[in-house]
1. Which FRET efficiency value, to the nearest 0.05, is calculated for S129 and A107 with the Förster distance at 22 angstrom and r the Cβ-Cβ distance?
2. Can you run phi through the Karplus equation (6.51, -1.76, 1.60; θ = phi - 60°) for the stretch 280-293 and list ³J(HN,Hα) in whole Hz, with x for Gly and Pro?
3. Go through L28, Y43, S140 and say which Cα lies farthest out towards the positive end of the charge dipole of the chain; charges sit on Cβ, +1 for Lys and Arg, -1 for Asp and Glu.
4. Counting only pairs 8 or more places apart or on different chains, how many lysine pairs in the chain have C-alpha atoms closer than 23 Å?
5. How about the stretch 244-346: which trypsin sites (Lys or Arg not before Pro) there lie in a loop by DSSP and see at most 12 other Cβ atoms within 10 Å?
6. Past the 27 angstrom mark, what percentage of all C-alpha to C-alpha distances in the chain do you count?
7. Assigning unit charges at the beta carbon (Lys, Arg +1; Asp, Glu -1) and nothing else, what dipole magnitude in debye, to the nearest 20, does the chain show about its Cα centre?
8. Report Rg (one decimal) and Dmax (nearest whole number) for the stretch 154-300, counting Cα atoms only, units Å.
Amino acid sequence: MAAWPQTPIHMWMHNACAQMLWLGDSALPVTASAYPRAPNTTYITSLRSGWFDYAAQESSEHRFISAALRLAGNFAKWMGLDRTVLVGNAPISTNIWTLQQIAEIPAWCASISQTYRSCFVAVRNVQPSKHRRLIQQLQSQGFVGIPARVVYEFDFRAPSTKKHAHLLRDKSALMRSGLQVNVLDCITNVQSERLCHLYQAIYLEKHSPLNAQYTPQFFHEMVTSNVMSCLALENADKTIVAFALLYTVDDTLTVPALGYDTATPIAGLYRLLFAAISQYAEKNTFLLNYSSGAGDFKRKRGGVPHMEYTLIRAPIYGYVFKNAWLAMIQRFTHRMQVDDLIALGA
C-alpha cells in the first residue's frame, strides 16, 4: 500500500474543517476538528454532520423527523460534539486499515484522549464481524458503540456459482455500450479537473453538500502517488464519461469517489460503472466494500448488508455528564439491526 502524501487536508477538501495528522510507524490517519465548525462541514470529519445534519436532509420529506434531528444536532453542538478527534480517519467515506494500524488504534486513542482532554475521541467504520478485538479494547477504555450506517459488501475472493440477473444484465450492457474500460495509474491535470467535475455533479449537486467537497488536487495526488487508481469509462473520443477511484488495503477494495456524466446520451452509466468495478474486483479476487447508499440497487446485485458502528469516548473534561449522554444514545440505538435501517432506506 503506497504512503499517502502529507498534504494539508484543506488542499484536498473544501469542507474538511479539520487538521490532518499521520501518527506512528503505520502513518495512522487522524483528523482533529477545527472549531467553530463551518457550514456544510463534511460528515467524514464531523460526527454532527453525519449523525444529525445528513440524516435530517435525507428525512426532509418527513418534517417532524427532520426537525427532531436538527434539534438533536443543536443539542449535540451544545454538548461539544463539534470538538472531536477521529482516529484512523483518512479523508474518505470508508476507512479500511492494515493489521498494524488496527493494532495501533487503541494505544493512540488512549494517548489522544489525554492530549485532547476537551474533545470527544472516536473511530469510524467499525464492523463487529471484522473488528471484535478492537471493539473490546476500545470498550475497556470507555468507548461506546453507536450504529452509524449499513454498508454493502461483494465477496469476490472465491468463485461463486450464484449469478445475479441484474448484474449479468449490467455486464452485458457494458459490453454493448462501446465504452472502453481503463484503469489509470497516472492522470493529467485536465483529467483531474474532469474527475472533479463528474464527482461534484453526483455527490454534491445531486445529493448533499455534506459529502466531501474534493478538489482537483485530491484526485491528482491520489492517483499519481499510487495511493489509488482510477477506473475510467471512456467513449470513442477518449473522454471520460464515468470513473471510480479504487483504493485497496490487503484483499479489500473500496471506492472512495465516483462520478458520471449526467448530460451524456448513454443510458445507465451508474449501472455500467458498477459492472466495470465488479469485473475488476472479480478479476483481482477482492472483497469489495461498496460503502452505503443505493441499498436496493446493491442488494439486487448480490451486495450483503453489514452494520457499521462508530466507537466514541467522552472527553476527560465533562466526562461524567457527556458520557451519560453517549450512554443514553447507545441505549436508544443498541437494538437497531440491519433490517431496521434498510426499512428506513439504507
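Values in this text are rule-based calculations from the coordinates and carry no lab data. Note that the coordinates shown come from a computational prediction; the quantities given were computed from them, not determined experimentally. We place every Cβ from the backbone using ideal geometry, glycine too, and count neighbours over all the protein chains shown.
1. It comes to 0.40.
2. Each residue's phi maps through the Karplus curve to give 5, 5, 5, 4, 9, 6, 9, 8, 8, 8, 9, 6, 9, x Hz.
3. Result: S140.
4. 18
5. Sparse-neighbourhood loop trypsin sites (Lys or Arg not before Pro): R335.
6. Cα-Cα pairs of the chain separated by over 27 Å account for 46 percent.
7. Magnitude of the dipole: close to 880 debye.
8. Reported Rg and Dmax, both Å: 14.7, 43.
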